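As structure tokens, the structure follows; a few thoughts come after it.
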Amino acid sequence: MSAPGRPLAAYAAVTAAYWAFMLTDGALRMLVLLHFHVLGFSPIQLAYLFLLYEFAGMVTNLCAGWLAARFGLTATLYAGLALQIAALGALSQVDAGWTLALSVAFVMAVQGVSGVAKDLAKMSAKSAVKLLAPAEGGGLFRWVAALTGSKNAVKGFGFLLGAALLAGVGFQAAVLAMAAALGLVLAAVALFMPAGLPRGRKGAKFAEVFSKDREVNLLSAARLFLFGARDVWFVVGIPIYFHAVLSDGTEAGDRAAFFQVGTFMAVWIIGYGAVQGFAPRILRARDKTLGETVGLARLWAGGLALIPLALAAAAWAAGAPADWLTATLVAGLLVFGAVFALNSSLHSYLILALSPAERVTMDVGFYYMANAAGRLLGTLLSGLAYPAGGLPLCLAVSGLTAAASWGCAGLMDRGQGARA
């Protein structure tokens, strides 16, 4: 049942705040990756910069569901925005004269704060959909698909924005400008947030975070491996590979490569978001039972695993960078993005459909803890696989990880008869 008040207005306000956050999140990822790559950080050191970000996300999601149940969704949403502003401000203090060890440690710590911020905002926005969406006519799937699809499109523009800001004004000015803009968004949302979200309950216990539902646990495991499969190549492998192929080693060549890498990452995320937004129509969700939707999650996970395995074989066959290989990788990864988006959309709907309203923040927090664990796994594997076997190994590991997601989805019960 929808929360009292004006649910559509509350949904719009939450979505706007989430959009603003994800624009800075995407820009920050590209800024950090490309800026420190040019400063000479190795692939494994670049992966380290994001490890605490993902680990902090795991811990945050485990706590965020309880915090939202205890203090309300608006409180956790505002906290996420405020922490991201603080992280951006701290990153502006990075000094090129620092030692490598100090730079890595400082940026890891700040990325950890950003990871806390991101998952507070995400859990708040996704849980709000469960409480505000109309129950009839597949409303839940449509509303969650619209939120996740638009969020990822905005994050894609963030990748492009980050690359453009780095090339245009430099790292320090870029992060300060984003901190100021996000501060204005936080002030506006806090002033004009309408009624519609629950304020929390004092009796909420932290132990309630851990789900005892078999289907929620299996879905969370499938989510872990799904995002691990993406980030094995997404975090370090492809950006560094494309930069190496596209740059001629000069400062001008680096700047041109920044735009090209940023553009590809942006197009990938925007396309991924667009497919997510249309997922209910593509999958004809209105006509599916909940059990049939579980079956679709298994089917599409199996299809996803085949794509990076085929690309790994192509990269191994090429042996060295070539124009045909670059074109094949671009096309293949765009197809991966579309299939990945359908998987992600199915998961995002299923966790809300399977969670009762009274513990939705708990189940969503637990589920997104698994999501963050998958990103952590993928980030670590990306930093290890690229130096060990280059892009082919990154893609091969991605395929195996996607196959594990397929295995977990296959164990879920398909006998549930409620309409999706």
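Only one of the listed residues (A229, A257) is on the phi < 0 side of the Ramachandran plot, buried (at least 21 other Cβ atoms within 10 Å of the Cβ), outside any loop (DSSP other than H, G, I, E, B) and at pLDDT below 80. That residue is A257. Can you confirm whether A301 is buried (at least 24 other Cβ atoms within 10 Å of the Cβ), among the aliphatic types (A, V, I, L, M) and closer than 26 Å to L147 by Cα? Spelling it out, A301 is indeed buried (at least 24 other Cβ atoms within 10 Å of the Cβ), among the aliphatic types (A, V, I, L, M) and closer than 26 Å to L147 by Cα. Applying a threshold of 6 Å to beta carbon distances and a minimum spacing of six or more residues, or different chains, the list of pairs starting in the stretch 293-316 at a residue that is over 23 Å from L346 (Cα atoms) and ending at one that is not aliphatic (A, V, I, L, M) reads L311/G332; A312/P392; A314/T328; A315/P392; W316/P392.
From the list A353, A312, A301, A338, which one is modelled with pLDDT under 90 and either touching a Pro at 6+ places or on another chain (Cβ under 6 Å) or not in a loop (DSSP other than H, G, I, E, B) (or both)? Even if it seems obvious, please write down each step before you answer.
Working: A312 fails: modelled with pLDDT under 90; A301 fails: modelled with pLDDT under 90; A338 fails: modelled with pLDDT under 90.
None of the other options fit; the residue is A353.
Report yes if T328 is modelled with pLDDT of 80 or more, more than 17 Å from A404 (Cβ to Cβ) and among the hydroxyl-bearing types (S, T, Y), otherwise no. Here the answer is yes, as T328 does meet what is asked.
Checking the condition hydrophobic (A, V, I, L, M, F, W, C) and over 22 Å from A17 (Cβ atoms), which residue from V107, V129, V116 passes? Reasoning before the result, please.
Details: V129 fails: over 22 Å from A17 (Cβ atoms); V116 fails: over 22 Å from A17 (Cβ atoms).
None of the other options fit; the residue is V107.
The values are calculated or read from the model by the stated rules, or taken from the named source; none is laboratory data. Being a predicted model, the structure only gives us computed values, none of them experimental. Glycine also receives a Cβ, built like all others from the backbone with ideal geometry; neighbour counts cover every protein chain displayed.
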